[in-house]
Each structure stands twice: as C-alpha cells, then as structure tokens.
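*Asks:* Supplied in structure tokens, the structure appears directly below.
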Amino acid sequence: SAVISLVPLLNDHDESVRTAAAEAIAAVGELQDADRATLVQGLKSEDSLVRVQTAKALGTIGAAAEEAAPALVKAMGDSNDRVRAEAVEALGKIGEVAAPAAVPKLVKALRDPDTWVGSLAAEALGLMGEAAEGAIPALLSSMRHPTPKVRGNAAEALGRMGEAAERARPTLEKAASD
C-alpha cells in the first residue's frame, strides 16, 4: 500500500519531508493491517527519532489509528521524553476511542518528571472528554501542580468533561484567580 512506501520517509533527515509523510499517511484515512503493523514497528525502533516521528504520524492520523493505541500507551514508558510526549499527544489526537487503553497511563503521565509530558497528558485527557472521566480525581490533583501549563491544561481538561466534572467546579473557580 502507499502507507508502507511512506513510512521510511518518517525517518528522513529533513523535517519538512517527515511532516509531509505524516500528513500523507493521515490523508490515506483508514489504515490497512499491514500499514498499522509497519507504523507500530516504528515505535519499537532503536532510533529515538524514528520512535518520535512514528508517534507523531499516528497522532496526525488521528482516530483512524485507534488500533495503535495500545502500542502508543506502551511508548509512554519510553526513556526518551520526546517519545513519551509524542505518544501522549498522539493518544489525545486519537481521542475518546483510545480512552479505554490510555486513561490509566495518561493519569500516571500527569506526574511525569518532564512537565511538558505532564501538560500534554492533561491536554490528551481533555481531548478524550467524558470518556476519560475516570481521570477527574487526578486532574483535580494536577490543579495543584507547580507548573502553570500543567494546571492550565488540567483545568481545560476538566472543563471538557461536561457534567461528569461538576464536582470540580469549586476547584476550577478557585483556580480562576491563579
């Protein structure tokens, strides 16, 4: 398929080529099993740049990459913070269909040593909306995070949870003065 021929371009030294390849893969829409398997293999590469670009491509693909969610959840345990960040962001872009596999690890990622990863985890949970309502207690705790970006993304995520997050209202109102 066309995707298999585009995957090697995710490793190109030129960022514009990598970006174009990710966007072209996303434009294909529905992935065939072989395409998905090829992309998931990229998350296991020895090269961290390949892992980063693969996660980014899966995020660009969005909901059509739903079946790659478990592999992205696994990539959230990567030792490389950029890989973790791109995996988290990709799960958010895949959206609520990734919630069953992703929410427990995204909750853990709220406390990632890299605050960028933590802020992206809060954003991803928000993008999953009510499907991530199990994360509400952790998002409330994140409202006390020392990093403003984490607090802001946690507040926004709670706002996207709808009625499920009604109990967060007092915390959000207090944070409005932050």
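The values are calculated or read from the model by the stated rules, or taken from the named source; none is laboratory data. All figures in this text were calculated on a predicted structure; none of them were measured in a lab. Here the Cβ is made from the backbone with ideal geometry for all residues, glycine too, and neighbour counts use every protein chain on show. Protein only, heavy atoms only, side chains kept; ligands, DNA and RNA dropped before computing areas. Shrake-Rupley method; radii C 1.70, N 1.55, O 1.52, S 1.80 Å.
*Asks:* Find the percent of Cα-Cα distances in segment 34-178 that exceed 21 Å, and round it to a whole number.
*Replies:* Across segment 34-178, Cα pairs with separations above 21 Å total 38 percent.
*Asks:* Something else about it: Of ALA109, ALA168, ALA99, which has the largest mean-square fluctuation in a 10 Å C-alpha GNM of the chain?
*Replies:* Maximum fluctuation in the GNM of the chain, among the listed residues, is at ALA168.
*Asks:* Just for the Cα atoms in segment 50-101, what are the lengths along the principal axes, largest first, rounded to whole Å?
*Replies:* 26, 19, 13
*Asks:* In whole Å, how far is the Cα centre of segment 100-178 from that of segment 1-80?
*Replies:* Each part's Cα centre sits 26 Å from the other's.
*Asks:* Helix 33-42: angle to the longest alpha-carbon principal axis of the chain, degrees 0 to 90, nearest 10?
*Replies:* Approximately 70 degrees, to the nearest 10.
*Asks:* Run a plain Debye calculation on segment 128-178 (Cα atoms as equal point scatterers, no solvent) and give log10 I(q)/I(0) at q = 0.27 Å⁻¹, rounded to two decimals, same order as the q list.
*Replies:* Result of the Debye calculation: -1.03.
*Asks:* Taking only DSSP H segments of four or more residues, each worth -39500 (n - 2.57), what value at 222 nm results for the chain once the sum is divided by all its residues, to the nearest 500 deg cm²/dmol?
*Replies:* Only helices count here, giving -19000 deg cm²/dmol.
*Asks:* Pairs of alpha-carbon atoms within less than 8 angstrom and 6+ residues apart define the contacts here; what relative contact order does segment 1-131 have, in percent?
*Replies:* Normalised by residue count, the contact order of segment 1-131 is 19 percent.
*Asks:* If the only charges are +1 at each Lys and Arg Cβ and -1 at each Asp and Glu Cβ, what is the size of the charge dipole of the chain around the Cα centre, to the nearest 20 debye?
*Replies:* 640
*Asks:* Can you classify segment 63-140 as rounded, prolate or oblate using the Cα gyration tensor, where a ≥ b ≥ c are the square roots of its eigenvalues, rounded means a/c under 1.5, and otherwise it's prolate if a/b beats b/c and oblate if not?
*Replies:* oblate
*Asks:* Of the heavy-atom accessible surface of segment 1-116 (probe 1.4 angstrom), what whole percent is carbon and sulfur?
*Replies:* Exposed carbon and sulfur together represent 52 percent of the surface.
*Asks:* With a/c under 1.5 counting as rounded, go ahead and sort segment 1-52 into rounded, prolate or oblate using the C-alpha gyration tensor (a ≥ b ≥ c being the square roots of the eigenvalues; past the cut-off, prolate if a/b is larger than b/c, else oblate).
*Replies:* Since a/c reaches 1.5 but b/c is at least a/b, the shape of segment 1-52 is classed as oblate.
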